[in-house]
Each structure stands twice: as structure tokens, then as C-alpha cells.
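Participant: Just dropping this structure here.
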Amino acid sequence: MKQVHIKNGSDKIVVIFCGWSCDANCFDLSDGTADFLILNDYRSPDFDVELVKSYKQVCLFAWSLGVWAADNYFNGVETSCAVAYNGTVSPVNDEYGIPVSVFDGTIANFSERSLYKFRRRMCGANARTFFATLPGTSPVALLDELVHIRNHADGHGGKVNWTVAYYGTEDKIFPAANQLSAWKKKGIACLPAGKEHFEPEYMKSIMASI
């Protein structure tokens with residue numbers, strides 16, 4: 001994975017697993033008092049676990065496909081809270097994740113134009129905020145990562161003890177009904193937080209509260 005470590009001199013760290021096609025640029029952490037470790041690019045499971053373990057308190061915030069990545073790769077670390085936002089541990093699933101035909105179609109028809117359209121759909125009314133700090137990952141790398149996730153989407157996971165989940169009521173990437181079904185199955189409360197898949201103000205507020 002790629003990682004960005006933001007230090008604010010705290011003994012608490014918030015570990016952020018980004019959504020696909022996103023990176024540290026997608027988050028406004030300017031008001032944060034905790035330290036942050038922002039992770040993206042899930043073609044490799046490796047990140048600095050020992051760095052995380054050096055903190056007295058560890059909180060996890062995972063967004064979109066980052067929920068799957070955290071559930072599969074974030075092991076060996078005790079957390080005080082683990083929050084999922086607009087994602088599930090079954091990312092390619094007609095009942096609990098992104099519908100199979102949609103995920104596979106995204107791969108089959110991938111192009112720079114389709115990536116732009118995906119991001120517009122992901123952001124909705126928040127598109128201007130997203131495109132003002134556009135992630136720098138190349139389209140070729142993003143497609144490679146998406147194929148990797150597809151090939152490993154049925155992994156066992158279970159590395160995280162999730163405490164709460166939040167969903168966008170009009171999410172166009174992970175259908176709201178599927179998110180509700182997925183977290184109900186796991187016995188985890190799933191609460192509404194905004195409408196879109198990308199809701200920067202809600203994400204900022206949630207991270208500030210953990």
C-alpha cells in the first residue's frame with residue numbers, strides 16, 4: 001500500500017483506508033488533533049503495522065472499498081473503534097455490496113472517460129470539492145488495483161471488530177439497501193450520514209468524533 005503519515009504530536013492515531021481511485025488528497029484533516037495514517041492502493045497488503053502499534057490509541061476509519069481492504073489486511077492491531085463509511089466487507093455482491101454486473105462492467109469498460117464519469121457519480125453534488133484536489137494515481141494503476149480487488153473480493157477477511165457503520169442514503173456506488181443488509185447480517189448498527197458516496201463534511205465530522 002501507499003501510506004501518508006501526518007503527525008500532530010498525539011499519542012492517538014486514526015488509520016484511514018481510502019476508497020478506490022482516492023488518496024490522502026480526498027480528506028480535509030486540517031482541524032485534526034490526532035495523528036493520521038492514510039492508506040490507499042490495495043494491490044499490496046503491506047503497510048507499517050509497527051508504526052500504528054507505537055500509538056496508545058488506534059482508531060480505524062474505512063471508506064468504500066477501503067472497508068474490504070481493512071477487513072482483510074488490518075490485522076494484529078487493537079483498536080478502540082472501527083468505523084465503516086459507505087462500504088461493506090463483501091464489495092462484489094448483489095445483496096451485500098456493489099452488484100456483480102456493475103463491478104465487472106466497470107472493469108470491462110474502463111477508460112479515462114469512464115473513470116471521470118464514475119467519480120462524478122460517486123460525488124454527486126460534492127464533485128467540485130473532489131476534483132479540486134484530484135488524486136494522482138494513474139488510470140492504468142487504478143484498473144490494475146480494481147482487477148486485484150475483484151480477484152480477491154471473496155477473501156475470508158474478519159480482521160476488524162467493526163463498531164459502527166454509516167451510509168449515504170442515495171449512494172450510487174454501494175446501494176444503501178445493500179449496505180443496510182450487510183451490516184444487519186453482522187449485527188452492526190448502520191446509520192445514515194449524508195446522501196452521496198463521497199461526503200467530505202460528514203467524513204470529517206465522523207473522524208473528529210472518534
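Just so you know, all these numbers are worked out from the coordinates, no wet-lab data involved. Note that the structure is a prediction, hence the values are computed from the model and not measured. Ideal geometry is used to build each Cβ from the backbone, glycine not excepted, and the neighbour counts take in all protein chains shown.
Participant: If Rh is defined by the Kirkwood formula over all Cα pairs and Rg also comes from Cα, what ratio Rg/Rh do you get for the stretch 136-210?
Facilitator: Rounded to two decimals, Rg over Rh is 1.01.
Participant: Let me know the charge dipole size of the stretch 2-209 about its Cα centre in debye, to the nearest 20, where only the beta-carbon of Lys, Arg (+1) and Asp, Glu (-1) is charged.
Facilitator: Numbers: 20 positive and 23 negative charges, 63 e Å.
Dipole about the Cα centre, nearest 20: 300 debye.
Participant: If neighbour count is taken as other Cβ atoms inside 10 Å, put His156, His5 in order from fewest to most. All intermediate terms of the calculation are to be shown ahead of the outcome.
Facilitator: Details: His156 8, His5 13.
By the 10 Å Cβ count, ascending: His156, His5.
Participant: In whole angstrom, how far apart do the alpha carbon centroids of the stretch 1-21 and the stretch 81-120 sit?
Facilitator: Comparing the Cα centres of the stretch 1-21 and the stretch 81-120, I get a distance of 23 Å.
Participant: Report the GluC sites (Glu not before Pro) located in the stretch 19-125 that are in a DSSP loop and have at most 15 other Cβ atoms inside 10 Å of their Cβ, or state none. Please list the in-between numbers first.
Facilitator: Details: sites: Glu50, Glu78, Glu95, Glu112; in loops: Glu78, Glu95.
Those satisfying the criteria are Glu78, Glu95.
Participant: Using the number of other C-beta atoms within 10 angstrom as an exposure proxy, rank Tyr55, Tyr96, Tyr116 with the fewest first.
Facilitator: Neighbour counts put them in this order, fewest first: Tyr116, Tyr55, Tyr96.
Participant: Below 8 Å between Cα atoms, with a sequence gap of 6+, how large is the relative contact order for the stretch 1-69 in percent?
Facilitator: On the way: 127 pairs, mean separation 33.4, N = 69.
48 percent.
Participant: Also, quick follow-up: Out of Leu142, Gly9, Ala165, whose Cα points farthest toward the positive end of the dipole of the chain (charges: +1 Lys, Arg; -1 Asp, Glu; placed on Cβ)?
Facilitator: Ala165
Participant: Relative to the first principal axis of the alpha-carbon coordinates of the chain, what is the inclination of helix 176-186, with its axis defined by its Cα atoms, in degrees from 0 to 90 and to the nearest 10?
Facilitator: For 176-186 against the chain, the angle is about 50 degrees.
Participant: Normalised by the residues of the chain, what does the relative contact order come to in percent, with Cα pairs under 8 Å and at least six apart?
Facilitator: Result for the chain is 23 percent.
Participant: A further question follows. Run through the DSSP bridge list for the stretch 1-106 and note the antiparallel percent, rounded to the nearest 5.
Facilitator: Working: 5 of 22 bridges.
Looking only at bridges with both residues in the stretch 1-106, the antiparallel portion is about 25 percent.
Participant: Counting only DSSP beta bridges with both residues in the chain, tell me the antiparallel percent, nearest 5.
Facilitator: Numbers: 5 of 28 bridges.
DSSP beta bridges in the chain are roughly 20 percent antiparallel.
Participant: Add +1 for every Lys or Arg and -1 for every Asp or Glu among the other residues with Cβ under 15 Å from the Cβ of Asn40, and state the total. Could the numbers behind the result be given before it?
Facilitator: Values: positive: Lys2, Arg43, Arg119; negative: Asp23, Asp41, Asp46, Asp48, Asp144, Glu145.
Charge balance near Asn40 sits at -3.
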